[in-house]
Each structure stands twice: as structure tokens, then as C-alpha cells.
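Working notes for the structure below.
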Amino acid sequence: MRRVLALFVLMCASGMALAQGEVFPQRAVRLVVPFTPGGSGDLVGRLLADKLGALWSRAVVVENRPGGSTLIGVGAVAKAPPDGYTMGLITAGLAVQPAIRRSMPFDPLEDLDYITQIMETPFVLTANAALPVISAKELIAYAKANPGKLNYASFGIGSTPHILGEILAQYAGAPMVHVPFKGSSESIAAHIAGDIQINFDVVPTLMPHIRQGRLRPLLITSARQFRDLPDVPTGPELGMPDLELPTWFGIVTPRRVPADILRRLYESIVQVLKTPEVAAALDKQAMVVVGSTPEEFRAYMARSMQRVRNAVKAAGIPQTD
């Protein structure tokens, strides 16, 4: 029995050594994209999956699981085995959901490991050309002098532009009127017409109208200057740090994936992001590569969630089921 036991222990030790010597991944990896095929999120996910697959010589299979404001797809990631073979694409919208919902199917910070923020593109605050302001500071002063007379657009209650508008109103110390629309095409038409005096939307959507002089850019919602709007200040630069809420994509896994596998995922994704082909593809969509560390990404998510909670509470935005 002692010989048998010794042999068993030796076999287990050899198996562990072999497993520890293997390079992750040893089989196909799943990337859950919480959007329908064809959109910007799906395009980013497939670009990343293709390049990682080539780097690893293993298939990275994109699984589209849309619905529930991304909670269906990301929830599937949170409940997957923590072995590194399931990753998920998340967006800035995930930071909003806990603040506007009475309950969540998972905890974004407790149930997910954060690998890296892939990219970001800021929202830009614009004013209608007829509004007598040329800077964010002048806009704040105008809002104080004309409480309740500024309308701002959003994609709906609880959307990021709604949150940004409420944060701006808090800095101004004056109410502004929230007007939800179904999408950017409707809100921009109303903005240009003057029915909506100010608006938050992403840079690619607003740039054509900014170049034509129809809309005036006042502020961008990131911590960094944006190349397409080099003279437009950021929220933090103007003393409004809570207006650092760009839109972004990032990669997560279920919580408690082994540290060596997390490191392998992070290093591989950053390596892919640094390739000229990927950088050029993201640049065409006005997206800036980030590649933050897991620690930086988790801390950034926590800060974003707190900013949204504060804005929702101050504005009295009702929670939904």
C-alpha cells in the first residue's frame, strides 16, 4: 500500500507540474459580447477575438448575448467557471445599471475580474449655435441666471447622457430640463433646431455638425485631451471631475480566475491593442486605445459607479425593476 500510495503521489505531482508548465490557453476561449451582431460593440469584440486567436493559435469564439442593457450577456460571464476560458465585453453603461435598478442579477465589482479597458471615446457637451455662450464656464453662469430654461437631451432615463446632464446641473446649482429621445438622430435634429440648447453625445456623432458650425463644443467627458478636439477642455480641467464619464469598452472574466491566467489575458490583449492594424481600426471609429492594468481598470470602474450613484441620488432619478 505504501508503494502504491507513493506512486500515486508521484503521478499527481507529475501531473501538476505538467499542468503548471502548460501555456494558457489550451483550448478555445469564449468571448461574450452583450450586443447584437453588426454594431460597434460587436465589431470591437470580433476584432479582438480575431487577433487573440491568431496570437494564441487557439480559436476565440464570439458569442452574442444581447438584452437587459447588457446584463444578460455580462451576467452569463459572471456565472461562468473561473478558469479564464470565458471573457466578456463590457461598456461604460454597466457602471450606470446598479444605480438605476432596484436589484442586480450580479455585483459588477464582486462577481467580475477586470482585465483591461480596451478603448474609450468621450462624450462632448455641445451648445446650440444660437445660445449666447462660448465656454463651459459661461454655460454654468447662464444656467444659474436662467434656472430651468436649458433643455438637454438623452437616450432615455438612466442613460449616460442623462447622468451627465444631471451632474452638470449639480455643478451649475440650477435645474435643467431633461428631454429623452429614442436616439441620436432625433436629439441632434432638435439640438440644431434650438429646441434642445445643450447636448451630450459621442464625438463621432457630433463632429460633422461641429465642423459645420451648427454646434459649439464646450467640454469633453474624459481625463485626457481628445485629438479631434484639441482645444476643448476636459471636465477635470475645468474643476468638474465628476464629468469624467466617457463611453468605453473593456474585458472582464468571472471573479477568482487564477492570477497567472489573468496576467496572461492582460498581456495578450495589450499586445494586440498595440498592433498598428488594431489601432488603425479603432481610430476610424474615433476610439482611443487605453490598455489599463487590471488594478487601474477595477479602480476606474469603482469611481465611475460612485459618480453615477451620487448623480442619481441628487437628481432623484427613479429606480427601475
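Of the set (1) closer than 19 Å to M305 by Cα; (2) more than 21 Å from the chain's Cα centre (by Cα), all apply to Q212 but (1).
All conditions but one from (1) open to solvent by less than 40 Å² (accessible area, probe 1.4 Å); (2) not in a strand (DSSP E or B) apply to G250; the one that does not is (2). Kindly check whether there is at least one residue in segment 170-180 that is in contact with a strand residue (DSSP E or B) (Cβ under 6 Å, 6 or more places away or on another chain) and outside any strand (DSSP E or B). Yes - at least one qualifying residue is present in segment 170-180.
Filtered by the rule that a residue be part of a helix (DSSP H, G or I) and loosely packed, with under 15 Cβ neighbours inside 10 Å, segment 205-236 gives P208, R211.
Among the conditions (1) in a helix (DSSP H, G or I); (2) in contact with a Pro (Cβ under 9 Å, 6 or more places away or on another chain), the only one that S185 does not satisfy is (2).
Within segment 190-204, identify whether any single residue is at pLDDT 95 or above, among the charged types (D, E, K, R), within 25 Å of K144 (Cβ to Cβ) and surrounded by 20 or more Cβ atoms within 10 Å (Cβ to Cβ), and answer yes or no. No. Of everything in segment 138-166, what is open to solvent by less than 20 Å² (accessible area, probe 1.4 Å) and closer than 14 Å to I198 by Cβ? Give them in sequence order. Once the filter is applied, which keeps residues that are open to solvent by less than 20 Å² (accessible area, probe 1.4 Å) and closer than 14 Å to I198 by Cβ, segment 138-166 yields L139, A143, L150, Y152, A153, S154, P161, H162, L164, G165.
Applying the selection to segment 50-59, what residues are farther than 16 Å from V23 by Cα and either open to solvent by 70 Å² or more (accessible area, probe 1.4 Å) or hydrophobic (A, V, I, L, M, F, W, C) (or both)? Once the filter is applied, which keeps residues that are farther than 16 Å from V23 by Cα and either open to solvent by 70 Å² or more (accessible area, probe 1.4 Å) or hydrophobic (A, V, I, L, M, F, W, C) (or both), segment 50-59 yields only D50. Of the numbered criteria (1) out of contact with any helix residue (DSSP H, G or I) (no Cβ under 7 Å at 6 or more places or on another chain); (2) at pLDDT 95 or above; (3) of a type outside the set (K, R), the one G68 fails is (2).
Per the conditions (1) part of a helix (DSSP H, G or I); (2) modelled with pLDDT under 95, the sole criterion not satisfied by I157 is (1).
The values are calculated or read from the model by the stated rules, or taken from the named source; none is laboratory data. A quick note: this is a predicted structure, and the numbers were derived from the prediction, not measured. Ideal geometry is used to build each Cβ from the backbone, glycine not excepted, and the neighbour counts take in all protein chains shown. Note: areas computed on protein heavy atoms with side chains; ligands, DNA, RNA excluded. Shrake-Rupley method; radii C 1.70, N 1.55, O 1.52, S 1.80 Å.
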